[in-house]
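Encoded as structure tokens, the structure appears first; notes follow it.
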Amino acid sequence: MNRKKIFFLSLAVLSLLVGCNQQQKSKVAVINGESITADELYNHMEVKSIVRVRDNNMNEYDMSLADTIAFQTLQDLVRQKALLQLAKEENVLPTEEETNKELEFRKRLNPNFVQQALSRGAGPDQLRKMLKVELAEEKLIAKGIAVSKKDAEDFVKENPKLFVVPATVDLVWIQVLNDEKKQKVDAELSSGQSFESVAARFNQAPNAVKYRNRFPVRNIEALPDPVKSIAQSTEQGKYSDWVKIGQSSARFYVENKTPEQKQSIDDARIEMVQRQIAINRGRKAKDLPRIIFERIRNSNVEIAQPNLKELWKTYEQQIKKVELNSAKKETNDSMQKSDSSAK
């Protein structure tokens, strides 16, 4: 999972937890007249350790988490607090003005940035909080490192393949779970019905309604293998034969194709390259994850929520063992060096 996906996943979970915490008794759903409250939702997240995941071939299955969703989110929030505290001590904590400026900068890079964040469950306040954390992390890593505009321009010239807009495809699809549905789909298409109207009636794909029967991945290179082959070989305005996807079958209609293009290199893009070069150089000189880990280990962390308190206690014991094992290793290494010197 890349950094952008992690960023938006964190936004969605953080937004949900904050919302639940602020409106514990509010309704989040009603089934046959009976309500599910935000309090019930949050309490279930505290113990939920099985999640549904989807692989590159769009197969869905359940997986066990190392820790519950709530506890992993708590760990993230503790880390964020520790990071912001360190940024404040080193006088690089982003101001509100800097955070707002960063938001505008992200919008220059990607005009759909805010819309994409909101579509994943993040409110404006959560978005700014996450940007503040990201900016603080960047400033801690790149502190004292200067990268010129020429450095960035030279990097772009030397690495043209990194600055392309990938080829994309807009696919409408129909996924069915048995041969009977396949036959019905084929009959409807043969009768002259549009692919989109048939998809609206027969598509059994997960989140079909949410995505309006559009395949959720547009980047051709990122498509799972059977779908990628269809996107590359099927003409725009045509639809494919049936292909197997896991235990199901699917057909795809190529609504639109866009070839790979060179990325526009404007001032905002050059600034982002400058910043990324500084981050890469900073990471070689400073192990920030380790610094934050050490800070958390040596901090006084008090957990008020009962279900999370015991989990944190166990986690603290584990990270203390890391310290003990490191100390033992250093002692053993020192003794071995002494023995070698004596010989």
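The values are calculated or read from the model by the stated rules, or taken from the named source; none is laboratory data. Nothing here was measured: the structure is a model prediction, and the numbers come from that model. So basically every Cβ, Gly included, is an ideal-geometry build from the backbone, and we count neighbours across all protein chains shown.
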For this session: Name the one entry in LYS107, LYS149, LYS129 that is touching a helix residue (DSSP H, G or I) at 6+ places or on another chain (Cβ under 7 Å), more than 30 Å from TYR253 (Cα to Cα), basic (Lys, Arg) and in contact (Cβ under 8 Å) with a residue 12 or more places away in the chain.
Result: LYS149
Problem set entry | the stretch 24-53 residues that are outside the structural domain of ALA66 (by TED's automatic domain parsing), paired with ones that are surrounded by 15 or more Cβ atoms within 10 Å (Cβ to Cβ) (beta carbon under 8 Å, 6 or more apart) | none
Problem set entry | Pairs, first under 25 Å from ASN203 (Cβ atoms) in the stretch 155-180, second among the small types (Gly, Ala, Ser) and not in a strand (DSSP E or B), C-beta under 7 Å, six or more apart | VAL169/ALA231; LEU171/ALA231; VAL172/ALA199; TRP173/ALA199; TRP173/ALA205; ILE174/ALA199; GLN175/ALA205
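Would you list the helices (runs of 4 or more DSSP H) that sit entirely within the stretch 149-231 and hold 3 or more residues that are among the basic types (Lys, Arg)? Reasoning before the result, please.
On the way: elements: 149-158, 179-190, 195-202.
Passing ranges, in order: 149-158, 179-190.
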Seminar exercise, completed: Residues of the stretch 299-320 being in a loop (DSSP other than H, G, I, E, B), of a type outside the set (A, V, I, L, M, F, W, C) and either at pLDDT below 90 or surrounded by 11 or more Cβ atoms within 10 Å (Cβ to Cβ) (or both), in sequence order, are SER299, GLN305
Problem set entry | Criterion: aliphatic (A, V, I, L, M), surrounded by 12 or more Cβ atoms within 10 Å (Cβ to Cβ) and at pLDDT below 95 - qualifying residue of LEU86, LEU103, LEU135, LEU74 | LEU74
